[in-house]
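The values are calculated or read from the model by the stated rules, or taken from the named source; none is laboratory data. None of these values were measured; they are calculated from a predicted model. Quick reminder, even Gly has a Cβ in these numbers, built from the backbone with ideal geometry, and neighbours come from all protein chains shown.
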Amino acid sequence: MSSEPLNKDYTLADFMAEVWAARVFVVGGLIFGVLAAVVFIACATPHNRAQMVLAPASPMNMAVNKPANQAYGKSAGALSENVTNDMSFSRFEASYKGTEVAGLLLRDPEITAGLVKDKAFKFSRAQDDWSPEKLAEYIAQRVEVDPVGETSLRAFSYLHPDKAFAVKFLQRLHNITDGLIRHGLRKNVNERIAYLNQALSETMNLDHRRPMTDLLMEQERLKMLVSIDQPYAASVVVPAAAGIKVMWPDAMLVYSAFMMACGFLGFAAFSVRKMSEEDILAGLSSMKVKQQDWFFPESGNSNEKPEEAPKPLTDKKAKKKPAKTPKHKKTAPPEAAE
């Protein structure tokens with residue numbers, strides 16, 4: 001048993017001493033970690049990253065009639081609120097991972113064929129039963145959106161084993177999302193134009209017809225701008241392109257993680273073994289050998305048998321064993337006594 005106090009501080013030197021004592025287990029764990037990392041990288045499917053940078057599109061409602069805004073400041077501001085660049089770009093960021101966009105993507109056979117190729121390991125089974133809900137969840141998990149510095153630019157990135165498909169997927173995702181926002185705005189503009197035309201036909205007062213005509217001209221200009229084949233919500237700053245470097249699996253990260261994990265497991269195995277040996281030795285030292293009945297104190301056994309009090313003789317034994325007279329004392333003959 002160790003004579004060191006139990007409350008001794010555990011220092012770095014003590015830890016290094018234990019690591020050095022467990023060097024065989026730690027080195028064995030590191031070697032096993034390297035082999036496991038080699039097998040993991042060999043079984044993993046390499047993925048490349050495709051990236052594109054988007055920015056809020058230029059405002060398409062800049063041609064606003066100033067007198068109309070002055071006469072109907074609140075109304076014109078409410079009508080133009082939905083077509084500002086910041087709001088439209090926020091709608092783009094919220095809409096690209098929706099089920100409506102996913103449903104339109106699944107109509108493209110090239111998209112469905114490319115999605116089947118996406119699997120983490122070579123032996124894993126690829127998913128082929130895609131639905132708008134599953135694809136929307138897939139886009140939310142796999143398409144990453146990161147801000148570019150402190151600007152309003154956003155970097156959209158996507159990992160896939162096929163570089164060409166990764167680029168095409170980002171392009172189609174941008175076109176469909178922007179097209180849906182444009183289509184919704186065009187539908188709203190047409191409804192406003194129809195309403196203003198009907199209101200003009202029912203209004204005879206010239207003072208009321210003049211601002212309504214200005215609003216109608218504003219909506220006609222907006223309809224013309226929306227009909228142009230240009231990005232409405234998000235414009236492309238850097239076109240989609242795939243990098244040369246394989247992003248998954250990251251060899252440095254995989255080797256480091258496996259070696260650290262296996263090295264720690266080797267040290268833990270050594271610590272468990274050491275604790276087990278100490279417990280066995282402590283148990284053996286605390287055992288006491290009991291002295292058997294036929295052991296004598298003269299045998300040299302340190303475990304002496306406890307002394308017992310002498311037992312009194314019973315009456316039966318006393319009758320069988322009469323008292324003996326001592327040999328050195330002799331009784332005188334009867335004649336001499338007389």
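Among residues of segment 108-130 that are more than 19 Å from K163 (Cβ to Cβ) and touching a residue at least 12 places away in the same chain (Cβ under 8 Å), those with a Cβ under 8 angstrom from a residue that is of a type in the set (V, I, T) and loosely packed, with under 13 Cβ neighbours inside 10 Å, sequence gap 6+ or separate chain, pair up as Q127/V116; D128/V116. Kindly check whether there is at least one residue in segment 172-187 that is without any contact (Cβ under 8 Å) to a residue 60 or more places away in the chain and either under 25 Å from G243 (Cα atoms) or part of a loop (DSSP other than H, G, I, E, B) (or both). Yes, because at least one residue in segment 172-187 is without any contact (Cβ under 8 Å) to a residue 60 or more places away in the chain and either under 25 Å from G243 (Cα atoms) or part of a loop (DSSP other than H, G, I, E, B) (or both). Flag not set for L35, criterion: at pLDDT 50 or above, surrounded by fewer than 10 Cβ atoms within 10 Å (Cβ to Cβ) and under 30 Å from M252 (Cα atoms).
Can you report the number of residues in segment 205-235 which are in contact (Cβ under 8 Å) with a residue 12 or more places away in the chain, in a loop (DSSP other than H, G, I, E, B) and farther than 23 Å from A57 by Cβ? Count: 0. Within segment 83-119, restricting attention to residues that are part of a helix (DSSP H, G or I) and among the aromatic types (F, W, Y), which residue is modelled with the lowest pLDDT? The extreme case among them is F89.
Has segment 250-265 got at least one residue that is part of a helix (DSSP H, G or I), among the aliphatic types (A, V, I, L, M), out of contact with any Pro (no Cβ under 7 Å at 6 or more places or on another chain) and closer than 30 Å to E93 by Cβ? Yes, segment 250-265 contains at least one residue that is part of a helix (DSSP H, G or I), among the aliphatic types (A, V, I, L, M), out of contact with any Pro (no Cβ under 7 Å at 6 or more places or on another chain) and closer than 30 Å to E93 by Cβ.
Residue check: Q198 meets all listed conditions (1) in a strand (DSSP E or B); (2) exposed (fewer than 15 other Cβ atoms within 10 Å of the Cβ); (3) of a type in the set (S, T, N, Q) but one, namely (1).
Under the condition of being part of a loop (DSSP other than H, G, I, E, B) and surrounded by fewer than 15 Cβ atoms within 10 Å (Cβ to Cβ), the residues counted in segment 120-158 number 15.
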